[in-house]
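Notes to accompany the following structure.
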Amino acid sequence: MNKIRVFMNPIEGREKYINQIASEGYRLVKSGSILHEFEKTNSDHKYSVQYVGYMSNTERKKYSDFLKEMNFKVFTAPLNIGKFSLGNVKLRPYNSPKGMIATYPGMINKEILLIESDGNKEIPVFSDRESKNLDINRRKAPYYYLITTSVLLMVLGLFKIIDYKSIILGTFLFILASHGLYKLYSIKEK
């Protein structure tokens with residue numbers, strides 16, 4: 001069974017959605033940015049979704065292998081919708097130096113990790129408050145970067161250094177980033 005779903009909140013929203021489908025007796029076979037493939041199953045499964053875009057490709061592979069050794073099934077999914085990459089290089093200045101440059105093949109289109117376990121096996125992701133807060137802080141970095149970029153666009157547009165349309169784009173990006181940060185802060189409060 002194929003399902004199409006766009007996530008405004010790609011981590012928590014995806015986790016809630018996939019676990020809901022799993023509770024109806026389905027198992028995830030393949031996950032993409034908006035297309036998810038499920039198969040009917042008699043066994044019970046749970047899923048955890050984690051953002052790993054801050055990791056280098058080597059770190060992500062080691063982490064995935066570690067989870068596989070613990071008998072978890074691991075899927076990757078892209079964070080972006082409609083981004084097909086072949087031979088791309090992407091700069092992520094908000095990441096640590098090891099994860100700052102993403103390439104294909106590598107970390108492009110593999111920013112989200114989906115972890116599958118048997119229904120009775122607990123997934124050891126963010127088992128304490130400190131690790132959950134660290135994850136949320138890592139996920140805030142791109143939003144802060146986007147806010148900085150949007151303010152820069154608006155200022156350059158106001159001083160007529162670049163086209164006035166940058167003010168509109170900057171405002172839109174600022175609203176988008178502010179909404180994302182608000183969502184992450186509300187998750188942290190829980």
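The values are calculated or read from the model by the stated rules, or taken from the named source; none is laboratory data. None of these values were measured; they are calculated from a predicted model. Note that each Cβ is placed from the backbone with ideal geometry, even for glycine, and that neighbours are counted across all protein chains shown.
Of the residues screened, Asn57 is not one that is without any contact (Cβ under 8 Å) to a residue 40 or more places away in the chain, touching a strand residue (DSSP E or B) at 6+ places or on another chain (Cβ under 8 Å) and either surrounded by 13 or more Cβ atoms within 10 Å (Cβ to Cβ) or not aliphatic (A, V, I, L, M) (or both). Any idea which of Ile18, Ile11 is crowded, with 18+ Cβ neighbours inside 10 Å, closer than 24 Å to Arg139 by Cα and at pLDDT 95 or above? One residue alone meets the criteria, Ile18. Taking the range 3-32, which residues are polar (S, T, N, Q) and either touching a residue at least 60 places away in the same chain (Cβ under 8 Å) or not assigned by TED's automatic domain parsing to the domain that holds Lys73 (or both)? Within the range 3-32, Asn9, Ser31 meet the criteria. For the residues Leu184, Leu113, Leu91, the requirement of being in contact (Cβ under 8 Å) with a residue 40 or more places away in the chain, of a type in the set (A, V, I, L, M, F, W, C), assigned by TED's automatic domain parsing to the domain that holds Val52 and out of contact with any Asp or Glu (no Cβ under 9 Å at 6 or more places or on another chain) singles out Leu113.
Restricting to the range 116-139, name every residue that is touching a residue at least 12 places away in the same chain (Cβ under 8 Å) and of a type in the set (Ser, Thr, Tyr). Of everything in the range 116-139, just one residue is touching a residue at least 12 places away in the same chain (Cβ under 8 Å) and of a type in the set (Ser, Thr, Tyr), namely Ser117.
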